[in-house]
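The values are calculated or read from the model by the stated rules, or taken from the named source; none is laboratory data. It should be emphasised that the depicted structure is a prediction, and the values quoted were computed from it without experimental measurement. Ideal geometry is used to build each Cβ from the backbone, glycine not excepted, and the neighbour counts take in all protein chains shown.
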Amino acid sequence: MAAPVRGMSLLRQACLGLVRPTGAQVCTQVPYRCYSTPGVGQVQVDMNSETGVATVRLNRPPVNSLNLDVLTELGIALEKLDADRTCRAMVLASAVPGIFSAGLDILEMYQSTPERCVAFWRALQDAWLGLYGSRLVTMAAIEGHSPAGGCLLAMSCDYRVMADGKFQIGLNETRLGIVAPFWFEDVMLNTIGHRETEKALQLGAMYSAQQALSIGLVDKVVPLAEVMPTVQGELKNWLQIPDAARVITKTSMRKQVLDRLRSQKEKDAQFFADFIGRDSVQRSLGAYIASLQKRKS
């Protein structure tokens, strides 16, 4: 096994096979291949080599909040699936009932160091670039609430199926006293258009499944039990298209948005760390955390 690589986290090196983590185990399930990080498992990945479809499930109870470790695992999983030429499609889902993802972990932003904030934001950037720029057919199975970063992940997929009922989805950052970055905005603009995005981002709007369907934020709404079967049915349609033609088309449509972040990654990460460090933002985050704790008590 090669020596550790400078400038790359040990978690990322272990997942890419550059170093072997202590106690690592090999997954031998057939016909599935497991890309989950040994001993971690906050992102569960099963690759069905017979269908060419991978299922990626976020697994960080209670609400799949996206911290540095989860985002790193997700980015690595997407990287490995994209490199697997037997893989043609990916379903992004949740292993936690009632939630797709509650979005970014606030504790990564509250009273954190600038260095940690930058590392956290880089992991988010990499995960998003891997998802939005993936050559695979990507589908979101939204079987629960999907605010903020959860909404970003869902929007970044090619197709979204959401469970009907009490669940909500949206970019609600302004309600926490923070601002959705330009690339969140770009994805929403490409998804629901300028006017709806302008309202949604200023108001921090959260939409029911039916409301989300009406503005194009999701593509289909079905009962909870039918989300996965519906996704599988839609996949059959998408996989009938020759991969080369579909990928070229997707790349052409998304290149401008992807390149905009790629050209500003370091500037964007530093801006985030500086913004989050402001006293006014920290007070807003602290108040929000206090309200959550009071709600639990």
Residue that is farthest from GLN232 (Cα to Cα) [pool: residues in region 46-72 that are modelled with pLDDT of 95 or more, of a type in the set (A, V, I, L, M, F, W, C) and over 13 Å from the mean Cα position of the chain (by Cα)]: VAL63
Pairs, first of a type in the set (Asp, Glu) in region 256-270, second assigned to a helix (DSSP H, G or I), C-beta under 8 Å, six or more apart: ASP268/TRP121; ASP268/GLN125; ASP268/PHE182; ASP268/TRP183; ASP268/LEU261
Residue, surrounded by the most Cβ atoms within 10 Å (Cβ to Cβ), within region 67-82, restricted to residues that are out of contact with any Phe, Trp or Tyr (no Cβ under 9 Å at 6 or more places or on another chain) and more than 18 Å from MET139 (Cα to Cα): GLU73
Strands (runs of 3 or more DSSP E) within region 136-229 that include 2 or more residues surrounded by 21 or more Cβ atoms within 10 Å (Cβ to Cβ): 137-142, 144-147, 159-163, 168-170
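From GLY23, GLY41, GLY75, which residue is more than 18 Å from the chain's Cα centre (by Cα) and either modelled with pLDDT of 95 or more or not acidic (Asp, Glu) (or both)?
On the way: GLY41 fails: more than 18 Å from the chain's Cα centre (by Cα); GLY75 fails: more than 18 Å from the chain's Cα centre (by Cα).
One residue alone meets the criteria, GLY23.
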Some residue of region 147-166 being free of Cβ contacts under 8 Å to residues at least 24 places away in the same chain and acidic (Asp, Glu): no
Hits in region 87-124 - residues which are part of a helix (DSSP H, G or I) and either more than 12 Å from the chain's Cα centre (by Cα) or at pLDDT below 95 (or both): ILE106, LEU107, GLU108, PRO114, GLU115, ARG116, CYS117, VAL118, ALA119, PHE120, TRP121, ARG122
All positions within region 83-118 that are of a type outside the set (Ser, Thr, Tyr), more than 27 Å from GLU173 (Cα to Cα) and surrounded by fewer than 17 Cβ atoms within 10 Å (Cβ to Cβ): ALA83, ASP84, ARG85
